[in-house]
Amino acid sequence: MGKNPIISLRDIKKDYNMGDNSYQALKGISFDVYEGDFVSIMGPSGSGKSTLMNIIGTLDTATEGKYIFNGMDITKYTEDELAQVRNEKIGFVFQSFNLIPRMDVYRNVERPMLYSGKISRSQRRDRVASALKTVSLEDKVNNLSNQLSGGQIQRVAIARALVMDPEIILADEPTGNLDSATSYEVMSFFQELNRQGKTIVLITHEQDIAAFGKRTIILKDGLIAEEK
């Protein structure tokens, strides 16, 4: 594991206003994620793990606290600046896969590069081929998602997360829609990516899935209850 933190969260708090009342989802979260790390974040419903995932992924911003991403203080970034971080620095893998059914595998994996607008067609082609090879799906490039199994669909989503060569992969309940055997198969791909040097942050409520990581942070009531 490298010595440089990719993510540094300091006293992160998140309040939600609901009419005349407010609810504090995060009450002061501080931790670091280092280069080459594989961190699992666990917690029961209501613990704040989804809120924390949204803040790490720049999908939401903290009410208080500081977020340093690879040396950049992004706490006060504009929405356009945060969108660029999401596109270029973070590879997302979601429980619901988020593939577009009418697009084939190639075009689904290519999508983040199109949003970037900075990558040539030949580079996109090479990156898609490399990412699909990494997840052993190079023979499915022309298939639609309804022609794939659940595990294959999630592996396509992992390939899509890889094509921008992100600083971290952020996986939100990536096995939530899969059976146990397929879940372990998908998690083995995450472990292999981590062995190759990718930094991974995993959100899960399942202890056996969290165990695939190197470190586990357990949330309870908006605070870190345990780190192991």
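Computed quantities for the displayed model
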item	result
Boolean, Ser22 is out of contact with any helix residue (DSSP H, G or I) (no Cβ under 7 Å at 6 or more places or on another chain), without any contact (Cβ under 8 Å) to a residue 40 or more places away in the chain, over 17 Å from Lys220 (Cα atoms) and of a type in the set (S, T, N, Q)	yes
Residue count for segment 79-100, restricted to those that are assigned to a loop (DSSP other than H, G, I, E, B) and at pLDDT 95 or above	0
Residues of segment 39-77 satisfying the condition of being among the basic types (Lys, Arg), assigned to a loop (DSSP other than H, G, I, E, B) and either surrounded by 22 or more Cβ atoms within 10 Å (Cβ to Cβ) or in contact with a Cys (Cβ under 6 Å, 6 or more places away or on another chain) (or both)	none
Test for Ser30: is it in contact with a Lys or Arg (Cβ under 6 Å, 6 or more places away or on another chain), exposed (fewer than 13 other Cβ atoms within 10 Å of the Cβ) and over 19 Å from Asp165 (Cβ atoms)	yes
Hits in segment 152-165 - residues which are in a loop (DSSP other than H, G, I, E, B) and β-branched (Val, Ile, Thr)	Val163
Boolean, Ile6 is out of contact with any helix residue (DSSP H, G or I) (no Cβ under 7 Å at 6 or more places or on another chain), closer than 26 Å to Ile119 by Cα and surrounded by 15 or more Cβ atoms within 10 Å (Cβ to Cβ)	yes
Answer from Ser130, Ser122, Ser136 - the residue that is outside any helix (DSSP H, G or I) and among the hydroxyl-bearing types (Ser, Thr, Tyr)	Ser136
Pick from segment 138-163, criterion farther than 14 Å from Leu193 by Cβ and hydrophobic (A, V, I, L, M, F, W, C), ranking: surrounded by the most Cβ atoms within 10 Å (Cβ to Cβ)	Val156
Leu26 vs. criteria out of contact with any Pro (no Cβ under 7 Å at 6 or more places or on another chain), under 30 Å from Ile153 (Cα atoms), modelled with pLDDT of 95 or more and outside any loop (DSSP other than H, G, I, E, B)	no
Any hit, segment 166-182, residues being in contact with a Leu (Cβ under 7 Å, 6 or more places away or on another chain), surrounded by 15 or more Cβ atoms within 10 Å (Cβ to Cβ), of a type in the set (Gly, Ala, Ser) and assigned to a strand (DSSP E or B)	yes
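Let's see how each residue does on (1) of a type in the set (Lys, Arg); (2) under 17 Å from Val33 (Cα atoms); (3) in contact (Cβ under 8 Å) with a residue 40 or more places away in the chain:
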| residue | (1), (2), (3) |
| --- | --- |
| Leu59 | no, no, no |
| Thr63 | no, no, yes |
| Ile74 | no, yes, no |
| Thr78 | no, no, no |
| Phe94 | no, no, yes |
| Asn108 | no, no, yes |
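The values are calculated or read from the model by the stated rules, or taken from the named source; none is laboratory data. Source: prediction; values computed, not measured. In this analysis, Cβ positions are derived from the backbone assuming ideal geometry, glycine residues included, and neighbour counts consider all displayed protein chains.
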